[in-house]
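Structure first, then comments.
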Amino acid sequence: MEKKNGPIRALQILFLALLVGQLLFALLAFVLVKFGLFSGGLDAGTEKIFETVYTVIALTAVLMAFTLFKRKLASLREIISVIEKFNEYRKVCITKYAMLEGASLLSIIFFLVTVNYSFIIAGVILILVFMSQNPIRQRIKTELMVDDSDVDKMNQSE
């Protein structure tokens with residue numbers, strides 16, 4: 001059974017806070033633009049530059065997030081101590097979350113600056129990708145290759 005204030009729950013709360021922040025920022029940006037309270041807009045040439053820069057930055061951030069996560073996860077499997085393994089797992093999860101969130105926030109900022117709806121669509125897609133990374137118990141078990149007793153032991157730490 002999950003401890004209400006265990007480290008797994010703390011990671012889940014952090015994930016949820018990051019997710020809610022992205023969703024609120026996207027909603028706020030959309031409302032500001034939709035009701036004309038924020039009027040961005042650039043000429044076509046500058047907007048093209050923003051699209052190119054965003055594409056490169058977003059793709060790089062997402063690819064790095066998953067590549068670094070996968071590489072670090074492979075090295076975590078060699079660690080014997082379950083608590084140390086989870087502590088390292090938490091660090092690499094936070095790094096992955098930061099990279100994914102950065103890409104989505106950048107798209108929302110570019111939406112505000114350009115009022116180009118393709119940026120808000122890209123932001124929503126990235127938020128959905130972020131949502132798919134929820135640190136649930138089964139994901140932790142699968143990624144760390146541990147069983148329920150090990151997860152319980154991790155959750156009792158701290």
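The values are calculated or read from the model by the stated rules, or taken from the named source; none is laboratory data. From a predicted model like this one, the values you see are computed outputs, not experimental measurements. Note: ideal-geometry Cβ built from the backbone for every residue, glycine included; neighbour counts use all protein chains shown.
What is the number of the single condition among (1) assigned to a loop (DSSP other than H, G, I, E, B); (2) of a type in the set (A, V, I, L, M, F, W, C); (3) within 20 Å of residue 93 (Cα to Cα) that residue 37 does not meet?
Here residue 37 clears every test but (3).
Residue 81 passes all but one of (1) modelled with pLDDT of 95 or more; (2) among the polar types (S, T, N, Q); (3) over 29 Å from residue 32 (Cβ atoms); which number fails?
So the condition that residue 81 fails would be (1).
Go through segment 16-30 and give me each residue that's hydrophobic (A, V, I, L, M, F, W, C) and closer than 24 Å to residue 110 by Cβ.
Residues satisfying the conditions are 17, 18, 19, 20, 23, 24, 25, 26, 27, 28, 29, 30.
Just one of 132, 104 is within 25 Å of residue 16 (Cβ to Cβ) and touching a Leu at 6+ places or on another chain (Cβ under 7 Å); which is it?
104
I'd like to check something: does segment 10-22 contain any residue that is farther than 13 Å from residue 135 by Cβ, within 12 Å of the chain's Cα centre (by Cα) and surrounded by 15 or more Cβ atoms within 10 Å (Cβ to Cβ)?
Yes, there is a match, as at least one residue in segment 10-22 is farther than 13 Å from residue 135 by Cβ, within 12 Å of the chain's Cα centre (by Cα) and surrounded by 15 or more Cβ atoms within 10 Å (Cβ to Cβ).
Can you give me the ranges of the helices (runs of 4 or more DSSP H) entirely in segment 48-158 with at least 1 residues that are more than 24 Å from residue 29 (Cβ to Cβ)? Give the derivation first.
On the way: elements: 82-114, 117-131, 137-144, 148-156.
Helices (runs of 4 or more DSSP H) meeting the threshold: 82-114, 137-144, 148-156.
Within segment 87-118, work out how many residues are of a type in the set (Phe, Trp, Tyr) and within 17 Å of the chain's Cα centre (by Cα).
Going through segment 87-118 one residue at a time, the tally reaches 2.
Pull out all pairs, ordered by first then second residue, where Cβ-Cβ is under 9 Å, the residues are six or more apart or on different chains, the first lies in segment 53-78 and is without any contact (Cβ under 8 Å) to a residue 12 or more places away in the chain, and the second is buried (at least 17 other Cβ atoms within 10 Å of the Cβ) and of a type in the set (Gly, Ala, Ser).
55/122; 59/103; 60/103
Which one of these is out of contact with any helix residue (DSSP H, G or I) (no Cβ under 6 Å at 6 or more places or on another chain) and among the β-branched types (Val, Ile, Thr): 113, 92, 82?
Of 113, 92, 82, the one residue that is out of contact with any helix residue (DSSP H, G or I) (no Cβ under 6 Å at 6 or more places or on another chain) and among the β-branched types (Val, Ile, Thr) is 113.
Restricting attention to segment 130-139, which residues are surrounded by 14 or more Cβ atoms within 10 Å (Cβ to Cβ) and under 16 Å from the mean Cα position of the chain (by Cα)?
130, 133, 135 - these are the residues of segment 130-139 that are surrounded by 14 or more Cβ atoms within 10 Å (Cβ to Cβ) and under 16 Å from the mean Cα position of the chain (by Cα).
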